[in-house]
1. Which of the three applies to the stretch 25-104, rounded, prolate or oblate, going by the alpha-carbon gyration tensor with a ≥ b ≥ c and a/c under 1.5 meaning rounded?
2. Of 21, 160, which has the most accessible area with a 1.4 Å probe, and how do the rest follow in descending order?
3. Can you list the residues, at least 5 places off or on another chain, whose amide H is less than 5 Å from the amide H of residue 156, using H built in the peptide plane?
4. Extending each Cα 7 Å along its Cβ direction at residue 197 and residue 302, get the distance between those two points in nm, one decimal.
5. Where is the GNM fluctuation largest for the chain (alpha-carbon springs, 10 angstrom cutoff): 197, 78, 97?
6. Rounded to the nearest 500 deg cm²/dmol, what is the calculated helix-only ellipticity per residue at 222 nm for the chain, with -39500 (n - 2.57) per DSSP H run of length n ≥ 4?
7. Most fluctuating residue of 245, 261, 94 in a GNM of the chain with Cα springs under 10 Å: which is it?
8. Need one number: nm distance between label points at residue 174 and residue 138, each 7 Å from Cα along Cα→Cβ, rounded to one decimal.
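The values are calculated or read from the model by the stated rules, or taken from the named source; none is laboratory data. Predicted model only: the values in this text are computed from it and were never measured. Virtual Cβ from ideal backbone geometry, glycine too; neighbours counted across all protein chains shown. Note: areas computed on protein heavy atoms with side chains; ligands, DNA, RNA excluded. Shrake-Rupley method; radii C 1.70, N 1.55, O 1.52, S 1.80 Å.
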Amino acid sequence: MAGVWVFAETVDGTPQPIVLELLTKARSLGDTTAISLGPGAKKAAAALGSYGAKKVYVHEDPAFRDVLATPAVDLLARLIEKDNPDIVLFGMTYDGRDVASRLSARLGTALIANATDVSTSDGGFKVINPVFGGSLLVTTVPKAAPPTLVLIRAKAITAEPRDAGPPQVEILTDPVDLSKPVARVLRREKEKASGPRLEDAPIIVSGGRGLGAPENFKMLDELASELGAAVGASRAVVDAGWKPYSFQIGQTGKTVKPSVYIAVGISGAMQHTVGMKGAKAIIAINKDPEAPIFKLADLGVIGDVHKVVPQLIEEIRSRKGK
């Protein structure tokens, strides 16, 4: 079978959610190996195995946490030369993109970014990418010498555990070369959140320029609080400085797949909808009956958001007995 590797990003021994998605896909492609780097990386091995990794390479040197990309690229290049995998999957995260692009240059091999699916094809692989805001899908069959490097978007694959025994774990201790110039992490800041994380929230209330002004997001905060939801935003709102980039949903923001997505004052440009069209149910509130968002919506409310949303909040509170 094909040799399939997954670059397994972890935080204090816990795999990032996208890693579990990658492993779910990887195990359908061939024998799967995960590479877990940094302090506490060994603690992630059991979780990686339960999602498909048959083997896990572990290296716990602090340099993999404190130095950007270079140590990981050096190690991956050595391991690839030794084991000759056919394909390496990375998440479309900041670290994933940094490591994959440098590794591609180091190895002189193909890198396909922003993928939503990978499958086998005639002894090789084919990679699916959305283009033009998701209005078209492109299938790429790499012809370059292996390994093919693929960056996959978050939420493109549903993570599913499997019943399997513990993976084979190989501890690596070879020294990390820090003699050349490197970029170091000077400080980490954890974003404070009053509600669920946008990527994990079952319900998302998202606002666009139709809200009229940044202070009107207070309505969405109230609605989200009543629903136990997270608040998101369109690119236009973020570009206008109404909300930080961490709120942005869309092609250049976050991809989400909640059970319910409530789009308030969002027109429905492709750039935005590609990041949220996987929601199980979409509710749109917009005063423009021709807004493209209504083509995606399961329920559309044509009306002024400044009237509809307060009435919705009042109705929810009434049903809660408040």
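1. Oblate.
2. If we order 21, 160 from most to least accessible, we get 160, 21.
3. When sequence neighbours closer than 5 places are left aside, there are no close amide H contacts.
4. Label-label distance for residue 197 and residue 302, simple model: 4.0 nm.
5. Largest GNM mean-square fluctuation: 78.
6. Computed mean residue ellipticity for the chain: -7500 deg cm²/dmol.
7. Checking each option, the largest mean-square fluctuation is seen for 94.
8. 3.5 nm
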